[in-house]
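Notes follow the structure.
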Amino acid sequence: MRVTRDVDFTLLTGFGEEEKFVDELLTAFMPRNAGAARLALSRRVLLLNSSKEICIDISLGALPFEHLAVTRATDYTYAPGVTLRTCSAEDLIVMKLFASRPQDIRDAEGVALRHGKTLDWNYVVEQLAPLVEAKEEPEILDTLERIRKLA
């Protein structure tokens, strides 16, 4: 498992309302680069820093899958008094494989190894297939099948 010092969120903004969310967030947090607002509106990810220099990546959610992942999220208690809402292992695999950067693929492998046979692989395929089709990167499904064999 890879340990990082950053925070990833999905904020359900829908399509067409993103700018007001981005503007409001930029009043509360420091952008990680000069073009953060422009990048957020074109790539749907707002890159911020907390006051303690912790990276915050906020995905501007609007797709049906993103809505579903948020509704399926559950509370997880990391320590007494520290509870966070986290996505399911299956939704995390979908997100990581959709991103498909080398570290994301390694993360998806780690989730598969950790959760093994308890994962709902049919759900993963059902959610990932249309995203892969829209992205026009069918090889992501080959990566999914390789990872599935690890579990």
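Computed values, structure above
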{"quantity": "Unmet criterion (only one of (1) farther than 29 Å from Gln127 by Cβ; (2) out of contact with any Leu (no Cβ under 6 Å at 6 or more places or on another chain)) for Phe29", "calculated": "(2)"}
{"quantity": "Residue that is surrounded by the fewest Cβ atoms within 10 Å (Cβ to Cβ) [pool: residues in segment 13-43 that are touching a residue at least 24 places away in the same chain (Cβ under 8 Å) and in a loop (DSSP other than H, G, I, E, B)]", "calculated": "Phe15"}
{"quantity": "Criterion violated by Val7 - all others in (1) touching a Ser or Thr at 6+ places or on another chain (Cβ under 9 Å); (2) over 29 Å from Gly116 (Cα atoms); (3) surrounded by fewer than 17 Cβ atoms within 10 Å (Cβ to Cβ); (4) of a type in the set (A, V, I, L, M) satisfied", "calculated": "(2)"}
{"quantity": "Identity of the residue in segment 1-27, of a type in the set (A, V, I, L, M, F, W, C) and at pLDDT 95 or above, that ends up farthest from Asp91 (Cα to Cα)", "calculated": "Leu26"}
{"quantity": "Criterion violated by Pro64 - all others in (1) of a type outside the set (A, V, I, L, M); (2) modelled with pLDDT under 95; (3) loosely packed, with under 12 Cβ neighbours inside 10 Å satisfied", "calculated": "(2)"}
{"quantity": "Answer from Val111, Val70, Val124 - the residue that is touching a strand residue (DSSP E or B) at 6+ places or on another chain (Cβ under 8 Å), in the same structural domain as Asp142 (by TED's automatic domain parsing) and at pLDDT 95 or above", "calculated": "Val70"}
{"quantity": "Set Thr118, Thr74: member being hydroxyl-bearing (Ser, Thr, Tyr) and under 30 Å from Leu26 (Cα atoms)", "calculated": "Thr74"}
{"quantity": "Meets criteria (modelled with pLDDT under 95, small (Gly, Ala, Ser) and surrounded by fewer than 11 Cβ atoms within 10 Å (Cβ to Cβ)) for Ala99", "calculated": "no"}
{"quantity": "Residue that is nearest to Glu126 (Cα to Cα) [pool: residues in segment 68-91 that are exposed (fewer than 12 other Cβ atoms within 10 Å of the Cβ) and small (Gly, Ala, Ser)]", "calculated": "Ala79"}
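The values are calculated or read from the model by the stated rules, or taken from the named source; none is laboratory data. Computed from a prediction, not measured in an experiment: that's the story for all the values here. No Cβ is skipped: glycine too gets one built from the backbone with ideal geometry, and neighbour counts run over all protein chains shown.
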